[in-house]
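What follows is a set of notes on a single structure, which appears directly below.
The values are calculated or read from the model by the stated rules, or taken from the named source; none is laboratory data. Here the structure is a predicted model, which is why all the values come from computation and not from measurement. Virtual Cβ from ideal backbone geometry, glycine too; neighbours counted across all protein chains shown.
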Amino acid sequence: MWGIVQRLSVIRLLFLLAGLLCVGLGFLGAFLPVLPTTPFLIIALWCFSHSSQRFHDWLFTHPLFGPLLRDWENHRVIPPYAKGAAVTAMTISLIYVAFYSPVPWFGVVGIALFMAWSAWYILTRPSRVEGE
């Protein structure tokens, strides 16, 4: 019995650490154009839901990030400005990788395909909560 409790505690700690790491990356993403903010905060929210109700509530009610996270969690909505920021950041990043980094052509193609799929996913999500 004690082994199960210890394993659960370790798992909770790992979720907590992953959530804190994602919050840090999301915070950096608010200032760096090549690093996304919202996906890291969504992952952090999920990690906190498995580890710390206190951190989950803090992030969920945060004045800046809370509305985006609540819209995503409750309605799977990505607002137009977040879509635009995400696609713009991906485009700028791809241009940088393609022209200013030593990544081989097949790496650039792989990155471009992944970014295209990501942009498609983002752009096909609803932009507003239905009925509002």
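Structure summary
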quantity: Selection within region 99-117 - free of Cβ contacts under 8 Å to residues at least 12 places away in the same chain, part of a helix (DSSP H, G or I) and either in the same structural domain as ASP71 (by TED's automatic domain parsing) or among the small types (Gly, Ala, Ser) (or both); calculated: GLY107, GLY110, ALA116
quantity: Residues within region 118-132 that are assigned to a loop (DSSP other than H, G, I, E, B), closer than 17 Å to LEU68 by Cβ and free of Cβ contacts under 8 Å to residues at least 24 places away in the same chain, tallied; calculated: 1
quantity: Some residue of region 75-94 being modelled with pLDDT of 90 or more, of a type in the set (Ser, Thr, Tyr) and farther than 25 Å from PHE15 by Cα; calculated: yes
quantity: Odd one out for LEU64, checked against (1) outside any helix (DSSP H, G or I); (2) touching a helix residue (DSSP H, G or I) at 6+ places or on another chain (Cβ under 7 Å); calculated: (2)
quantity: Considering residues of region 75-111 that are surrounded by fewer than 16 Cβ atoms within 10 Å (Cβ to Cβ) and either under 13 Å from SER127 (Cα atoms) or among the basic types (Lys, Arg) (or both) only, the residue nearest to the chain's Cα centre (by Cα); calculated: ARG76
quantity: SER51, sole failed condition from (1) outside any loop (DSSP other than H, G, I, E, B); (2) farther than 23 Å from ALA119 by Cα; calculated: (1)
